[in-house]
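Report on the structure given below.
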Amino acid sequence: MAAGGCLLLLLLPSLVTASHSSPGCKIRITSKGLDLVKQEGLRFVEQELQNITVSDLHGNEGQFQYNISQVKVTDLQLAFSDLNFQPQQHLVFNINNASISLRFRRQLLYWFFYDIGSINASADGVHIYTVLQLAKDEAGRLKISNMTCNASIARMHAGFSGTLRKVYEFLSTFIVTGMRFLLSQQICPSLEHASLVLLNSLLDTVPVRNYVDEHIGIDYSLLRDPSISTDTLELDFKGMFFPRLREDQELENHAVEPVIKETERMVYVAFSEYFFDSAMQSYFQAGVLTIELQGEKVPKDLEVLLRATFFGTIFMLSPSVDAPLRLVLQVSAPPRCIIKPSGTSVSVSAFLNISLVPPDRPPVQLSSMSMEAKLSAKVFLQGKALRVQLDIRRYGWCPMGAWGESPPHPTHSCFLLSRFRIYSKQSALESLALFSLQAPLKTLLQLTIMPIINERTKKGVQIPLPEGMDFTREVVTNHAGFLTVGADLHFAKGLREVIEKYRPVPTAAAYSSSQPAEPSLDPSSL
């Protein structure tokens, strides 16, 4: 028994680690970001409350009979509202002392007097308290999983006109009390539909698992429910790329977990080395990290140098001396990303095979060499797309004073100095003979290969934000093992515009049943 308990204690650390997977991507929304959401959300709530459908109200009191129909909200005043974080998984939306103006149609019968017309009414002291629970669904998408709502109306007034105005005012208690009850009963169902249906349709626009290009895809599924404090909301995404030929493949995450401490901007997005490593491994497994140059695609100066370097070998192939050259650069292992406070770099190992390609004859290999390069990486945002541009030139930026250069553009990650070397796979002597090729081949990489690679990654990968929301004033900051993008937000499209775009079309039956019935003008119907 004691041995079993000791074994359990030894296994506990590994069980805890297994249950808490490190995210490749993390997003923090601050209270400043929530304030922006509140402004747009308030407009959305106003639009929803203006569409409230109130059932017809009819009844009688002695000889007085009434029918109230076609109730419409004509104005809303939601001056006092607030949206706050509530630990652990909730958002609280509170509206105080609001007012709602209404207009509805009246049909009144008092003894032998029958009257129809309209009534203007106002509901004052409206209080709405809603709590939204956020959670991840089975697909790993952020959803509003539950909502609680409480609505009350402190006072309601109705203004009457016409020949029976004094009678209406005397009997208005029955009408106003009924309308107050019906209106308060419709506020929460309207907001519940807006949250659980309409706002969730907006969250459906956040990319979860989609293709980046014809070779790889990205998995942005949530690892766990959101974590909410009094000032921030944090989301942990898997942030893992996968080859499209092996979509079920999982890459273990051993990278440093991003830690976001800043709160000055509206939103922060952090990416660990795992995020970038999984992308490069997926491209490697897809077999696309190979580039071939042949004939006229080989720069002329480099061709002359290569022919001079391998003159002896080529001379022995007298019938094929003028045959075109072929260079095949093939990455030999998945590249690795290294993120430091001083900058971001990518380490690459590759094989370079140089051959003659005589017409109608098998290729003749002149040399096979290994290459090692440490490329500087510039990470930046373009719209909502995260892009990486690689470079092999020897320039860079470090903290002020280290290199005597100015800081980089704030939306770009720092550079690291590049490193490049080639050596023979055959012998140290041949490696020495290849030394003269190092500078020309580095130039080849910079002028020919790097543009091809950067063109392939030009599109970038989208950051998981809802449609209609964009970044502004981005700042990229490097840390040990991860980088963060701090930014403010703005709505390029309103919530209503995006929701209407994805709103499901109602069926004919559902549409007809939701329409209020036309009131009867026949006094006998009362």
Fill in: Probe 1.4 Å - accessible area at His58, Å² to nearest ten
130 Å²
Worksheet entry | Label-to-label distance, nm, for residues given as Thr53 and Arg456 (7 Å Cα→Cβ offset) | 5.5 nm
Discussion item. On a full-extension model of 0.36 nm per residue, what is the gain between Lys72 and Thr477, subtracting their alpha-carbon distance, rounded to one decimal in nm?
Written reply: 140.6 nm
Worksheet item: Applying the Karplus parametrisation 6.51 cos²θ - 1.76 cosθ + 1.60 with θ = phi - 60° to the phi angles of the range 379-386, what ³J(HN,Hα) value in whole Hz is obtained for each residue in order, glycine and proline being reported as x?
Response: 9, 8, 9, 9, x, 9, 9, 8
Discussion item. Leaving ligands and nucleic acids out of the surface, order Thr344, Thr309, Thr230 by accessible area at 1.4 Å, largest first.
Written reply: Thr230, Thr309, Thr344
Discussion item. Using only the alpha carbons of the range 32-204, what is the convex hull's orientation-averaged projected area in square nanometres?
Written reply: 11.0 nm²
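Where does the charge balance sit around Asp488 when Lys and Arg score +1, Asp and Glu -1, over other residues with C-beta under 12 Å from its C-beta? Let's see the in-between values first.
Details: positive: Lys32, Arg265, Arg473; negative: Asp35, Glu264, Asp470, Glu474.
Computed value for this residue: -1.
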Discussion item. Cβ neighbours within 10 Å, averaged per peptide: list 470-478, 214-222 in order, most packed at the top.
Written reply: 214-222, 470-478
Discussion item. Taking the full set of protein chains and a 1.4 angstrom probe, give the accessible area of Arg265 in square angstrom, rounded to the nearest 10.
Written reply: 50 Å²
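The values are calculated or read from the model by the stated rules, or taken from the named source; none is laboratory data. It should be emphasised that the depicted structure is a prediction, and the values quoted were computed from it without experimental measurement. Don't worry about glycine lacking a Cβ; one is built from the backbone with ideal geometry, like all the others, and counts go over all protein chains shown. Areas reflect the complete protein model, heavy atoms only, side chains present, ligands, DNA and RNA absent. Shrake-Rupley method; radii C 1.70, N 1.55, O 1.52, S 1.80 Å.
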